[in-house]
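One structure below.
Just so you know, all these numbers are worked out from the coordinates, no wet-lab data involved. Keep in mind that what you see is a predicted model, and the values were worked out from it rather than measured. Cβ placement follows ideal geometry from the backbone for every residue including glycine, while neighbour counts extend to all protein chains displayed.
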Amino acid sequence: MPPASTIRGSAYLTALTLEIEKKLQRALASASQRRNLLQELFADIALEVDDRAKVGVYIIFGEEDVISVADDGYGGPICFYSVLADHFVRMPQNGKSILDLIVQLWSQSFASNIFSLLFHKWLFEFQLDNHEVLLRYSSALVQGATNVFWIDIQTNTRRFQSLFQYLLEEVALDSERLKKIPSQAQRDLFLLLSRFMFFYDSVDKLESFLKHFPDFPNAFLIGGSSDIFVTEVADQLQKLKVEPVLLHYLSQIKVLQGLELRMATSTRIKTCLYSFTSPGGPMYPTRAVRHAAWEALDFLFPVGRYPRHLISLFFRLLYPWYWPSSCWNFVISCIQAVLYSLLRLFFSSWEKLRNPKRS
């Protein structure tokens with residue numbers, strides 16, 4: 001006989017599954033409320049497991065397991081979709097009716113998002129013989145994952161980090177699982193992961209990731225895995241509008257140093273970074289972004305550093321309305337440098353007075 005905690009956990013998950021199924025049925029039956037219902041369902045399954053649901057989580061995993069509701073094992077928070085995704089892998093029959101309903105709502109907003117959250121593990125754990133169905137599921141997974149990762153970027157949160165880490169570590173870096181989806185879906189998945197790898201702090205796996213890159217049919221035009229990765233990063237940088245996220249990308253981009261790139265790719269990332277170094281249109285970067293872009297640009301491309309800065313200074317002189325702010329920031333920087341020097345001198349002198357023997 002299974003332990004009581006297992007029985008209670010199964011009942012808890014069954015209740016959650018029934019609630020999801022009911023909401024999907026309501027969405028299918030009501031065309032006018034369909035989008036709102038799917039949006040509500042997506043928000044529900046994306047919720048973090050808080051103190052009110054902690055009891056249910058302990059029932060599912062067992063109180064003897066040391067699991068914190070603030071960590072899902074990948075460095076992100078535990079959300080309901082993580083719990084349900086594992087449940088549908090262990091008991092796939094419980095998710096069959098939900099999957100059938102999602103397929104009927106395939107063309108609706110949030111349907112691919114819900115599918116990617118609930119069935120991203122199920123898709124790679126079971127063999128599907130129908131190639132057309134597999135291609136449809138794989139495309140929905142990539143589209144849904146793209147949507148939810150952009151939600152994280154827009155809100156500067158890591159709610160969907162467990163989904164990203166699973167796709168990276170358990171799929172992209174695992175040849176056996178990766179082979180379960182069609183070649184086109186494999187390429188789309190790697191492009192997706194390339195765009196969000198910096199955001200989810202996974203640059204430590206970049207070398208292995210590039211080695212597992214699938215073959216692209218037009219590789220002779222676009223280059224190898226490093227070129228494709230850097231191109232996706234450059235495109236992603238130009239789409240970012242949230243300053244903290246953009247600063248995070250610019251701080252992570254130094255990992256590109258040492259990659260063998262084609263001249264066209266190198267010029268592309270250099271041009272992208274240079275576009276963030278000047279105030280005004282079309283980017284309108286803030287002072288913090290400009291300085292971070294200069295730092296990244298000088299680190300990756302040290303050759304030509306001083307001519308670039310001279311050219312930038314010359315063009316800044318052509319816009320007199322920027323002079324007051326530039327002069328003010330220069331004065332503040334000088335004052336801060338003097339103050340820091342005086343403080344260092346003071347503390348070093350104080351240490352010598354306190355410990356004359358060391359000197």
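Structure notes:
- For peptides 344-351, 185-192, sequence by mean Cβ density within 10 Å, most packed first: 185-192, 344-351
- Per-residue 3J(HN,Hα) values for region 279-286, derived from phi via the Karplus relation 6.51 cos²θ - 1.76 cosθ + 1.60 with θ = phi - 60°, read x, x, x, x, 8, 6, x, 6 Hz in sequence order (x marks Gly and Pro).
- In order along region 110-123, phi translates into HN-Hα couplings of 6, 5, 5, 4, 5, 4, 5, 6, 8, 10, 5, 7, 4, 4 Hz, rounded to whole numbers, per the Karplus curve 6.51 cos²θ - 1.76 cosθ + 1.60 with θ = phi - 60° and x for Gly and Pro.
- Residue-count net charge about LYS22 - beta-carbon cut-off 15 Å; Lys, Arg +1, Asp, Glu -1: -2
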